[in-house]
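As structure tokens, the structure follows; a few thoughts come after it.
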Amino acid sequence: MKKKSFSIMLAVLLTLSVMLTACSGGNDKAAPATGGDAAKGAESDAPMEIKIMLPLNTSETPPDTIKKELEKLTNTKLTYQFFPADTYEEKLNSSFATSSLPQVTYLKNQTTFIQMKDAIKDGQFWEIGPYLNEFPNLSKLKPEILNNTKVDGKLYSLYIGRPLARQGIIYRKDWADKLNLSAPANVDELFEMAKAFTEQDPDGNNVKDTTGVVDRNELTYGAFKTISSWFGTPNGWGEKDGQLQPEFTFQEYIDTMDFFKKLRDNGYMNQDFAATSKTDAVKMFTSGKAGLYIGGSMQDIDSLNKDLIKNVPDAVLDTHSMVAGPDGKFAQWMIPGYNNVVLFPKGAVKDEAELKKILAFFDKMMTPEVSNLMFWGIEGVHYTVEDGKAKPTDDKELIEREVKGYKDSVIGEAETNGMYEPYNVLPGRIRAEELLLENVKVGVPDPTAPLDSATFTEKGVELQQIITDATYKYMYGQIDKAGFEKEVENWKKRGGDKIIEEYNAAYKK
Amino acid sequence: MQEVTIPPSPVQPALDASKSKQEVKRRIWRNRWLYVMIAPGLLYFIIFKYLPMYGLIISFQDYKPYHGILGSDWVGMKHFTRLFTEPDFLNILMNTLILFGLNIFIYFPIPIILALMLNELRGNFFKRIFQSLLYIPHFMSWVIVVSISFVMVTMDGGIINDLLVFFGFEKINFLLNPSWFRPMYIIQVIWREAGWGTIIYLASIAAIDPGLYEAARMDGAGRLRQIWHITIPAIRGVIITLFILKIGSVLDLGFEHVYLLLNSMNREVAEIIDTYVYTAGLRQGQFSYSTAIGFFKSIIGLIMVMAVNKIAKKLGEEGVY
């Protein structure tokens, strides 16, 4: 396969976008005029016109069903510009280069947000922090999560919320019951469970063909980080001697690697986990060959269960997350609490008055009525209410087509915008929802989430690769502790020292 | 087309100049349809091949999308310096060259051999079936090819390891052992591409005058003699052309395939320039740096093509231009 290098493709894109600048220049000049019309119109209570750009996670642009209701509820005239999520970053960048971003711009995820920080510091977007108090619903947004989205201590964005700590264990309850095991209370019991699932023939076919843990080539969203946090490793960065230090300089990180090494050496986990993709890992679990699926989101139990019972009809799954470390303490690492953010480009929002009107729209979006409409769809068509919870219709395609596009743009989370919680049937899933709340009680935040480090932005990912490789090599027994520490030194030498310095400087502020 | 050339006259240079200008105009007018016909092709190259080169500018800048190409700061050779001083650079370059070497020395001859073998098959029916069977792998994406081999060689129930155990050998960790990366890579390339690569050779073999074979048979030449003295010399030009073209993509090994095979355990042999661009450049939005690397790759490719072309011509072959 002859693939043109990325850079050439990029160059094509860039050039085309530059060529288009000339054309879109005219539109830019026209934009304030329409904005002005809208502002004038608003005085006479005509609907406010808002243009919104957001990533689309389905294959088709949704029809206007939800949009029409939304416009009625919020007295707006909305123009949604959906772009496929796969190429959304390119779209963001080229719209940016041609300053044709609309008034409301959704980013794609945390990574695009970090990339955008430069532009934010450069004053390309409105700071919204000072206005939030004027809006009763927006001011309900969680301050600790808003804090994680601040740039240089100022707030520029609203966030799309996600549960802070969804990770835990999804395991074969039928196997555990058969072997008289209860959910593991600490890491030792977890190890014992993996051992029993491997050695004691839990599927009862008299062949030793089962594995304990199934993991994949991913340190963060696979099993490693979750178990690491149970061992007491800080989340990304931790304080040591009054200074922030990266997690891999802590003894607990080494202990976790030893735990995995032991699991692998004894054959209690899949031997190729460093080369196993998520799809392959899930396949191993749903084919009934493995008993413990760790990390990821416990909410995945629904889809895992669906595929598993196709292969093993009498399998029972359950979730669990409270696993104590060697010192008997509980801990869970937490994400920064947002999945995506929305920004307001200065190029499109011309003045404070317009910004406030747009914020007023988002304020309305955070009422239960509007957020339910956007997240669940129209009651009676897309969902029904049972026990005060939303139960989506069985016609998954209808939801996918008409609702999904808007679902991913709802600001805040159920606790702040008052929308319905999901109505779950599977006992393991109901338990998972309870565990999410428990997780947060012992949650460990990443102290660097609101901090900035120029070196990290530039080569953090590249440097992390050194540590990731070294971690796998240690777990596979190719390097020992001294070898691992050498790699950490290498990380420091190639820019890590500067990252430590920059984070600590920002931390002290 | 015949060209009319007027010998320049030393006596009346001024008159001559206007005359030859007219002559040029006349010639253009006479061949006007040829120019019209070439226009779409020319436009295609200008719009899609030459204008995009403008984007290469960003490799000399700290490109920021919101400032645009003209608004970003100039930084000179900074990104190139960074690439060449990267501690892993030599290793990555070596890995790229080694994979390229495998492509040239192991993969490249295989379609030729296959084509010669196919050509010896008698009976159109079998020939067609074999050809179709050989083409099919080409239409599978790398994701599929790599997944299939993953399922076959994994240590957790992969068929190859199960066979090894059955015959009393130790299990082999194909996926994570660095020394297995290159064999796996080239085997997958051959499996997917070799059949497809025979097309052009078979076409040029088909163009050989059957009379030559007849004559050779009269002189008592066997099958092998015929291949050696007729078929191979006849397709030599095609082989050399394809070889030169292949050299042009010297550092372009296909990102997708290698990236799918790459993991933490085999990175020291598997990281190539393409995958490095992805991890270091694009995943972090470093457009300038990635463009600089792409630029470097293209220049190497250009130099290689020109060098090989020259060598081919020196050896009395035609070359590509």
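The values are calculated or read from the model by the stated rules, or taken from the named source; none is laboratory data. Every value quoted in this text rests on a predicted model; they were computed, and no experiment measured them. Every residue, glycine as well, gets a Cβ built from its backbone with ideal geometry; the counts of neighbours run over all protein chains shown. Remember, those area values only see protein heavy atoms, side chains included, never the ligands or the DNA or RNA. Shrake-Rupley method; radii C 1.70, N 1.55, O 1.52, S 1.80 Å.
Data overview
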quantity: Residue match in segment B:170-185 (condition: away from chain A (no Cβ under 14 Å), part of a helix (DSSP H, G or I) and buried (at least 17 other Cβ atoms within 10 Å of the Cβ)); calculated: yes
quantity: Whichever residue in segment A:260-280 is of a type in the set (S, T, N, Q) and either open to solvent by 20 Å² or more (accessible area, probe 1.4 Å) or in contact with a Ser or Thr (Cβ under 7 Å, 6 or more places away or on another chain) (or both) and, among such residues, is farthest from the other protein chains (Cβ to nearest Cβ); calculated: A:266
quantity: Index of the failed condition, residue A:378 passing every other in (1) over 30 Å from residue A:170 (Cα atoms); (2) surrounded by 15 or more Cβ atoms within 10 Å (Cβ to Cβ); (3) among the β-branched types (Val, Ile, Thr); calculated: (2)
quantity: Extreme residue, farthest from the other protein chains (Cβ to nearest Cβ), among residues of segment A:467-489 that are in contact with a helix residue (DSSP H, G or I) (Cβ under 7 Å, 6 or more places away or on another chain), open to solvent by 40 Å² or more (accessible area, probe 1.4 Å) and part of a helix (DSSP H, G or I); calculated: A:481
quantity: Residue in segment A:364-375 that is farthest from residue A:406 (Cα to Cα), counting only those that are surrounded by 21 or more Cβ atoms within 10 Å (Cβ to Cβ) and in contact with a Leu (Cβ under 8 Å, 6 or more places away or on another chain); calculated: A:366
quantity: Of residues in segment B:149-168 being open to solvent by 40 Å² or more (accessible area, probe 1.4 Å) and facing chain A (nearest Cβ under 9 Å), the one farthest from residue A:276 (Cα to Cα); calculated: B:157
quantity: Residue pairs meeting the criteria (Cβ under 8 Å; at least 6 apart or on separate chains; first β-branched (Val, Ile, Thr), in segment A:411-430; second modelled with pLDDT under 90 and open to solvent by 30 Å² or more (accessible area, probe 1.4 Å)); calculated: A:430/A:424
quantity: Residue among B:320, B:269, B:305 that alone is open to solvent by 10 Å² or more (accessible area, probe 1.4 Å) and not assigned by the TED database to the domain that holds residue B:186; calculated: B:320
quantity: Conditions (1) touching a residue at least 12 places away in the same chain (Cβ under 8 Å); (2) open to solvent by 20 Å² or more (accessible area, probe 1.4 Å); (3) in the same structural domain as residue B:254 (by the TED database); (4) among the hydrophobic types (A, V, I, L, M, F, W, C): number failed by residue B:293; calculated: (2)
quantity: Of residues in segment A:471-509 being small (Gly, Ala, Ser) and free of Cβ contacts under 8 Å to residues at least 24 places away in the same chain, the one nearest to residue B:85 (Cα to Cα); calculated: A:483
quantity: Members of segment B:81-92 that are over 14 Å from residue B:280 (Cβ atoms) and among the hydrophobic types (A, V, I, L, M, F, W, C); calculated: B:90
quantity: Candidates B:274, B:252, filtered to the one that is over 16 Å from residue A:217 (Cβ atoms), facing another protein chain (nearest Cβ under 9 Å) and modelled with pLDDT of 80 or more; calculated: B:274
quantity: All positions within segment A:469-495 that are at pLDDT below 95 and under 18 Å from residue A:448 (Cβ atoms); calculated: A:495
quantity: Enumerated strands (runs of 3 or more DSSP E) restricted to segment A:143-259, each holding at least 2 residues that are away from chain B (no Cβ under 14 Å) and open to solvent by 10 Å² or more (accessible area, probe 1.4 Å); calculated: A:237-240, A:243-246
quantity: Checking residue A:419 against (1) in contact with a Lys or Arg (Cβ under 9 Å, 6 or more places away or on another chain); (2) away from chain B (no Cβ under 14 Å), the condition it does not meet; calculated: (1)
quantity: Condition met for residue B:276 (of a type in the set (Ser, Thr, Tyr) and open to solvent by 20 Å² or more (accessible area, probe 1.4 Å)); calculated: no
quantity: Extreme residue, modelled with the highest pLDDT, among residues of segment A:283-301 that are within 13 Å of chain B (Cβ to nearest Cβ) and assigned to a helix (DSSP H, G or I); calculated: A:285
quantity: Single condition residue A:430 does not satisfy, out of (1) within 29 Å of residue A:374 (Cα to Cα); (2) under 19 Å from the mean Cα position of the chain (by Cα); (3) open to solvent by 30 Å² or more (accessible area, probe 1.4 Å); calculated: (2)
quantity: Hits in segment A:443-462 (condition: more than 10 Å from chain B (Cβ to nearest Cβ) and of a type in the set (A, V, I, L, M, F, W, C)); calculated: A:444, A:449, A:451, A:454
quantity: Selection count, segment A:281-299, where residues are surrounded by 18 or more Cβ atoms within 10 Å (Cβ to Cβ) and under 22 Å from the mean Cα position of the chain (by Cα); calculated: 8
quantity: Number of positions in segment A:99-111 that are under 17 Å from residue A:349 (Cβ atoms) and touching a helix residue (DSSP H, G or I) at 6+ places or on another chain (Cβ under 7 Å); calculated: 6
quantity: Residue B:202 vs. criteria under 32 Å from the mean Cα position of the chain (by Cα) and open to solvent by 20 Å² or more (accessible area, probe 1.4 Å); calculated: yes
quantity: The lone exception for residue A:102 - which of (1) within 14 Å of chain B (Cβ to nearest Cβ); (2) crowded, with 18+ Cβ neighbours inside 10 Å; (3) more than 28 Å from residue A:396 (Cβ to Cβ) it fails; calculated: (1)
quantity: Unique match (being assigned to a helix (DSSP H, G or I), out of contact with any Ser or Thr (no Cβ under 7 Å at 6 or more places or on another chain) and within 9 Å of another protein chain (Cβ to nearest Cβ)) among B:100, B:84, B:80, B:48; calculated: B:48
quantity: Residues satisfying the stated conditions in segment B:54-77, i.e. in contact with a helix residue (DSSP H, G or I) (Cβ under 7 Å, 6 or more places away or on another chain) and either among the β-branched types (Val, Ile, Thr) or part of a helix (DSSP H, G or I) (or both); calculated: B:54, B:55, B:56, B:57, B:58, B:59, B:68, B:69, B:75
